[in-house]
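All remarks here apply to the structure that follows.
Any read-out appearing in this document is the output of simple, stated calculations on the displayed coordinates, not a laboratory observation. Because the structure is predicted, anything quoted here is derived from the model rather than measured. Here the Cβ positions follow ideal geometry from the backbone for every residue, glycine too, while neighbour counts run over all protein chains shown.
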Amino acid sequence: MTLTTNTSLENAVYRKVSWRLIPILLLGYCVAYLDRVNISFAKLQMLNDLGMSDYVYGLGAGIFFLGYFLFEIPSNLILHKIGARIWIARIAMSWGMISGAMIFVSSPTTFYVGRFLLGIAEAGFFPGIILYLTYWYPAHRRGRIVSLFMTAVPLAGVFGGPLSGFILEYFNGIHGFQGWKWLFVLEGIPSCLVGVALFFLLTDSIEQANWLSPEEKSILIRNMDAEEVQKSSHSILEIFKNAKVWFLSFVYLCFVVGVYGVSFWLPTIIQGMGFVDLFDVGLLSAIPYGFSIVAMFFISKSSDHTRERRWHLALTALAGAIGLVISVIYAHAPWIAMAALSVAAGGVFTIVALFWTLPTAFLGGIGAATGIALINSIAALAGFVAPYIIGLLKEYTSSTNAGVFFMAICLVIGAFLTLLIPTRLVSS
């Protein structure tokens, strides 16, 4: 059985679905990512105020992912059982409240506890959305859709960077609160509001979408049924024994090192170039994220058009690695370094979006829920390891250069491993 031919009617139906679902999902992930990484800006004030070191910061930034790792799979299984609308809304409101509660951090221990609880609260949101999109879009449409959804990450940087810098610089001292405390409160509130919006705007399945006509539903259901017969059905236990899933987990882990290395240390790297004003640091951090949005759009469009995944992933990862290395070599020339960091950011954020076309090409049903969560939870370990190692290296070398080289090496390894994946496994 083959997928329905792309007709103008079918394209119109998918546009209608995208306009209904993608804006609120994108906004949700945008505020999620902002609450996850705004610690990178809070660090610029918080460490001095609380007398904490870069090592403590790196460990605390990474501890988020231990909570995330432990609760990822259970969260995705609950979502698969009770539906995306209730569960995703619950996740968003939970992390918003915990992010705001970070104002009570007063020591390394309370910092670690807050980050761990934030990881537990957010666990399941990203893999839950990736799973949710497989309910609506066939594989050959999914590259662009996932990339569009994941532009939330660089968008969080484009808007969140200047916003965070502004809050730190101009709210510091208001009503006796330091700028970093205002940062956590003001950036936590939108997550709670988005959680309410998700509850009212999401639809659990095509069949329940009262905003679609019967004919539109039949087109979507026919396409999804045609794709499901091409996928393997796996039990939860089979997923844990599946060598392909574990291999993809390691590939994604290598890529995620680059993502979170950039996300948690970009403001520090920019500040190290000689920029002192925190608002300026925030504005400059928006440049690499803005470039990432453009890169994600064009590269994912090319991948969907050619229905080729492996080389698009590998070459983009290598471009990211080269950009990181050049940013270190030319750190004395800020604008060359910024251009290189933009290429690096464009590379790392594009590959994590395109990557999800691989496992969703052959996993379905409860196996998809488990497999996506397993891959993302294993990669979450990279979210713990990357900030921790970079913080440790900075502590001992007084520079982020060694950490940047570490990120580049991981991207190269991930690119090489991607090319070892059989084409037949991930063709769509």
Most exposed first, judged by fewest Cβ atoms within 10 angstrom, Tyr388, Tyr170 run Tyr170, Tyr388
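Per 0.36 nm of contour for each residue apart, how much would the distance between Ala197 and Lys81 grow if the chain were fully extended, relative to their Cα-Cα spacing? Show your work: numbers first, answer last.
Values: separation 116, 0.36 × 116 = 41.76 nm, distance 2.11 nm.
Result for the pair: 39.7 nm of gain on full extension.
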Note on the chain: contact order normalised by length, alpha-carbon pairs under 8 Å, 6 or more apart, percent, works out to 27
Residue by residue through the range 178-183, the couplings from Karplus 6.51 cos²θ - 1.76 cosθ + 1.60 with θ = phi - 60°, in Hz, x for Gly and Pro, are 5, x, 5, 6, 4, 4
Expressed in angstrom and rounded, the centroid-to-centroid distance over alpha carbons for the range 291-305 and the range 166-224 is 24
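How large is the charge dipole for the range 12-426, taken about the Cα centre, if only the Cβ atoms of Lys, Arg (+1) and Asp, Glu (-1) carry charge, to the nearest 20 debye? Can you show the working numbers first?
Working: 24 positive and 20 negative charges, 180 e Å.
Dipole of the range 12-426, to the nearest 20 debye: 860 debye.
Of the listed peptides 370-376, 130-136, what is their order by residue-averaged count of other C-beta atoms within 10 Å, with the highest listed first? Write down the numbers at each step before the final one.
Numbers: 370-376: 26.6, 130-136: 21.7.
Ranked by mean Cβ neighbours within 10 Å, highest first: 370-376, 130-136.
Classify the range 97-172 from the C-alpha gyration tensor, please: rounded if a/c falls under 1.5, else prolate or oblate depending on whether a/b exceeds b/c. Don't skip to the end; give the middle numbers.
Values: a/c = 4.34, a/b = 1.68, b/c = 2.58.
Oblate is the answer for the range 97-172, as a/c is 1.5 or above yet b/c matches or exceeds a/b.
Below 11 angstrom from the Cβ of Gly60, what's the summed charge of the other residues (Lys, Arg +1; Asp, Glu -1)? Write out the running numbers ahead of the final one.
Working: positive: Lys43, Arg115; negative: Asp54.
Summing Lys and Arg as +1 and Asp and Glu as -1 gives +1.
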The range 323-361 scanned against label point 7 Å out from Thr306 along Cα→C-beta; backbone N under 18 Å for 347-348, 350-358
Label model pair Ala243, Leu419: point-to-point distance (7 angstrom along the Cα→beta-carbon line) in nm is 2.2
Under the 7 Å Cα-to-Cβ spin-label approximation, Arg15 and Trp211 lie apart by a distance in nanometres of 1.6
Assertion target for Thr400, Thr418, Thr203, ordered by fewest C-beta neighbours within 10 angstrom first, is Thr203, Thr400, Thr418
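What Kirkwood hydrodynamic radius, in Å, does the range 107-149 give when the mean of 1/r is taken over all pairs of distinct Cα atoms and then inverted?
Numbers: mean 1/r = 0.0806 Å⁻¹.
Result for the range 107-149 stands at 12.4 Å.
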Rounded to one decimal in nm, the spacing of the 7 Å Cα→Cβ label points at Leu70 and Leu47 is 2.7
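Which net charge results for the neighbourhood of Thr357, defined as the other residues with beta-carbon distances under 12 angstrom from its beta-carbon, given Lys and Arg at +1 and Asp and Glu at -1? If you can, show how the numbers build up before the last one.
On the way: positive: Arg141, Arg142, Arg144, Arg307, Arg309, Arg310; negative: Asp304, Glu308.
With Lys, Arg at +1 and Asp, Glu at -1, the neighbours total +4.
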In the list [x] 32; [y] 36; [z] 40, the entry giving percent of Cα pairs over 32 Å apart computed from the coordinates is [x]
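Using DSSP to call loops (not H, G, I, E or B), can you name the trypsin sites (Lys or Arg not before Pro) in the range 292-362 whose Cβ has at most 13 other Cβ atoms within 10 angstrom?
Working: sites: Lys301, Arg307, Arg309, Arg310; in loops: Arg307, Arg309.
Answer in residue order: Arg307.
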With Arg36 itself left out, Lys, Arg at +1 and Asp, Glu at -1 over residues whose Cβ is under 15 Å from its Cβ give -2
Taking R0 as 25 Å and r as the Cβ-Cβ distance between Ala101 and Asp277, the FRET efficiency 1/(1 + (r/R0)^6), rounded to the nearest 0.05, comes to 0.30
Charge dipole of the range 12-426 built from unit charges on the beta carbon (Lys, Arg +1; Asp, Glu -1), centred at mean Cα; most positive-end Cα among Ser303, Ser191, Val276 is Ser303
